[in-house]
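These notes are about the structure you will find just below.
Bear in mind that the values in this text are calculations on the coordinates, not laboratory data. What you see is a predicted model, and the numbers here were worked out from it, not measured in a lab. As a convention, Cβ positions derive from the backbone with ideal geometry for all residues, glycine included, and neighbour counts pool all protein chains shown.
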Amino acid sequence: MNLTLSPEVAEARAQGRALVALESTIITHGMPYPQNLETARKVEAQVRAKGAVPATIAVLNGDVCVGLTDDQLSELAQAKDVMKVSRADIAVCVAQGATGATTVAATMICAHLAGISVFATGGIGGVHRGAEDSFDISADLREFSLTPVTVVCAGAKAILDLPKTLEVLETLGAPVIGYGCDSLPAFWSRGSDLPVPLRADSAAQIAAAHKTRAAMGLDGGQVVANPIPVSAEIPAAEINPIIETALAEADAQGIAAKDVTPFLLQRIFELTEGRSLASNIELVLNNARLAAEIAQELTK
Ligand code: PSU
C-alpha cells in the first residue's frame, strides 16, 4: 500500500504542526462541478487562514493520497465514475489501482494512517429513513467506534432518521458533542427537536476529551456537531417538505445503497434552486474553522 503525503502535509507533519483532514466524496458525489472545486479550495484556504494545514484525502490510481495538489483536486472534481469508497471498498480500490473518493469512514481510516486526528466535513452519514426495511445504515457510524479521529460536522444530514442515528451512535459508544448548542444540529438547520447528548463550548474542551479517550484506552473517535451559521441556515419548516419530496422520488425510482445520499443532495439542490448548496458550502467552511482550532489545541 502506498501512502503518499503531499509536500505540504509531509512538512507539516515533520514540524508537528496542526493538520486537518478533509474528505473527497463531498467533492465527487456531494456537490456539482464547478462549485465542488471552488468549495474544496475555499475549505483548504480556511484551514490555512486559521493556522493549520489541510490534508484532502482520496485514493488516486491506487495511492492513498493525504494532501492533494491543486491539479489533483481539479482533476478529481471533474472526473466521472469515481468510486465512492468506504471501509468496505477501500482496500479493493487500492489493490486494483483504482481512483476512489473517500467517505467520512474511509477518510477517518486514511487520516489515522497518516497520524491526523481531526477532520472536517459537512454532514456525517447515518441511519436512513425506512432503515427498518432497507437496513441502510451508513458505515460512517461504525467508524466512530473504531478509529480515533474527531470529526467536525454540522450534525447528520437531515435526509436521515436523526433519532435512530443518535441511538446507533450511542450503542456504538461514540460521543456526539454539540458545539455551543443543546439541540442536535440538522445540517441545513441550526437545531432540531432532539437534544444533543453532550456539549462543549470551546475547541480546548473538545481536544481535551479527544486526549482523554486515548488516555482511557477507549477506541474510536468523536462526532462534533457544529450548528450552521445563522445567516446560511434553511429553517426546518422550509427544508423538511423538500426533503420529503426528494425521499418520495428516491423511493419511486428505486434508488438504493450508496446512491441514496448523492441522489437526495442533488434533488434537494434542484428543488431549492441552489439554496441547499449555498448552505452546504457555508456549513463546511464553518466546520473547517472549528476543526483547525481543535487541531491546534491538540498540538499543545
Ligand atoms: N457531507 C456533505 N456532503 C456529502 C458528504 C458529507 O456535506 O456528500 C458525504 C460523506 O462522504 C459521507 C457520505 O460519508 O456523504 C455519506 O454517504 P452514505 O449515506 O452513503 O454513507
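Given the range 17-137, what percent of its DSSP beta bridges are antiparallel, to the nearest 5? Counting DSSP beta bridges with both partners in the range 17-137, the antiparallel share is about 45 percent. For the range 174-184, backbone phi angles converted through the Karplus equation (6.51, -1.76, 1.60; θ = phi - 60°) give residue-by-residue couplings of 9, x, 10, 10, x, 8, x, 8, 10, 10, 5 Hz, Gly and Pro being listed as x.
With the cut-off at 1.5 for a/c, could you classify the range 173-261 from its C-alpha gyration tensor as rounded, prolate or oblate? Oblate. Restricting attention to the range 166-233, close to 25% of DSSP beta bridges with both partner residues there are antiparallel.
Would you please give the FRET efficiency between T299 and E38, computed as 1/(1 + (r/R0)^6) with r the Cβ-Cβ distance and R0 = 25 Å, to the nearest 0.05? Rounded to the nearest 0.05, the efficiency is 0.30. Between amide H atoms placed 1.01 Å from N, distances below 5 Å from G178 occur with L198, R199, A200, A225, all of them 5 or more places distant or on a separate chain. Using the rule -39500 (n - 2.57) for each DSSP H run of four or more residues, divided by the residues of the chain, the 222 nm mean residue ellipticity is -13500 deg cm²/dmol. The number of Lys pairs in the chain with C-alpha atoms less than 28 Å apart, excluding pairs fewer than 8 positions apart on the same chain, is 19.
In a reduced charge model with +1 at each Lys and Arg Cβ and -1 at each Asp and Glu Cβ, the chain shows a dipole moment near 840 debye about its Cα centre. Residues F135, F144, F263, arranged from fewest to most other Cβ atoms within 10 angstrom of their Cβ, appear as F135, F263, F144. Working from the Cα coordinates of the chain, the gyration tensor eigenvalues give, after taking √(5λ), semi-axes of 26, 23, 19 Å in decreasing order.
Ellipsoid semi-axes for the range 114-205, based on the Cα gyration tensor and the rule √(5λ), read 20, 17, 11 Å when sorted largest first.
In this calculation the C-beta distance from L198 to S231 is compared with R0 = 30 Å, giving a FRET efficiency of 0.70. In the range 117-266, taking the dipole from charged Cβ atoms about the Cα centre, the farthest positive-side position among F144, V224, Q205 is held by Q205.
Each of K157, K300, K50 was scored by other Cβ atoms within 10 Å of its Cβ. Arranged with the fewest first, they read K300, K50, K157. Here the chain carries DSSP beta bridges of which approximately 30% are antiparallel, counting only pairs with both residues inside. Note: relative contact order over the range 2-298, using C-alpha pairs below 8 Å and six or more positions apart, is 20 percent.
Taking the Cβ of each residue in E44, E244 as the centre, tally the other Cβ atoms inside 10 Å and list the residues starting with the fewest.
Values: E44 22, E244 12.
So the residues, fewest neighbours to most, are E244, E44.
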